[in-house]
């Protein structure tokens, strides 16, 4: 099942101090351990990647009651090999380039790096499809060391006034180590981006709210669906899927099933879709269906 994305409204998050979603690394809808060779999203909302051909692993690990970290988890990313990578990145795309426009902002996080490497923070104002050329502000000069520490970077974001802004605009936050040798580990948690010139304590978000914010961009499910007969044709089965959270845009959907042939998704919108197919047996009245809905930036 596929459907092109269509632009929707921007999520309103003014009640939150922290503009980072899943900064405590607790939501992992895609799994909790990965062997990778391409940049992608692994912990929800977090892109991990490098600027050359590479192999890596990404895992959720326990924080082991570290005093500096409020979360029970960290993201642990290991760059195993690379063909001369100059940087190893953890990136979050924050919806809407208007976010914090013209403001002084502070990024903070707790982390450790296995090799004592230069740390760079970059924030990119991406003006979207057909928009103005992106603008980057950076903070460099810190060393990312082997023991766990809290890191902070304060940056002044330019105003976006007068810029051309297209669909899918975003604020991209990069936590980057440079010139990483093979077998470099990076661990992060309690990542926070906030308005102001200094870091404040990490903002607690309930697990339910954290998951709901992630589900605006990506949802998946696997469960038994009771499907009813339709008249077109008589053997067709159909079920309506209602998303627990309205998605950012009409998502790209995909699905697998047990007990159906020729599965299709129709009637997609930001709130759900209809799944239908022809059963492998007339006796099939319920089945296990797993689906993914992707509305990532």
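Here are the numbers for the structure shown:
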| item | result |
| --- | --- |
| Condition check for residue 60: closer than 15 Å to residue 191 by Cβ, surrounded by fewer than 21 Cβ atoms within 10 Å (Cβ to Cβ) and at pLDDT 95 or above | yes |
| Out of 71, 159, sole residue that is buried (at least 16 other Cβ atoms within 10 Å of the Cβ) and either without any contact (Cβ under 8 Å) to a residue 40 or more places away in the chain or assigned to a loop (DSSP other than H, G, I, E, B) (or both) | 71 |
| Single residue of 211, 143, 188 found to be surrounded by fewer than 20 Cβ atoms within 10 Å (Cβ to Cβ) and in a strand (DSSP E or B) | 143 |
| Whichever residue in the range 115-140 is surrounded by fewer than 18 Cβ atoms within 10 Å (Cβ to Cβ) and in contact (Cβ under 8 Å) with a residue 60 or more places away in the chain and, among such residues, is nearest to residue 92 (Cα to Cα) | 118 |
| Among (1) under 18 Å from the mean Cα position of the chain (by Cα); (2) part of a loop (DSSP other than H, G, I, E, B); (3) closer than 21 Å to residue 183 by Cα - the single one residue 84 does not satisfy | (1) |
| Flag if residue 168 is surrounded by 14 or more Cβ atoms within 10 Å (Cβ to Cβ) and outside the structural domain of residue 119 (by TED's automatic domain parsing) | no |
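The values are calculated or read from the model by the stated rules, or taken from the named source; none is laboratory data. It should be emphasised that the depicted structure is a prediction, and the values quoted were computed from it without experimental measurement. Virtual Cβ from ideal backbone geometry, glycine too; neighbours counted across all protein chains shown.
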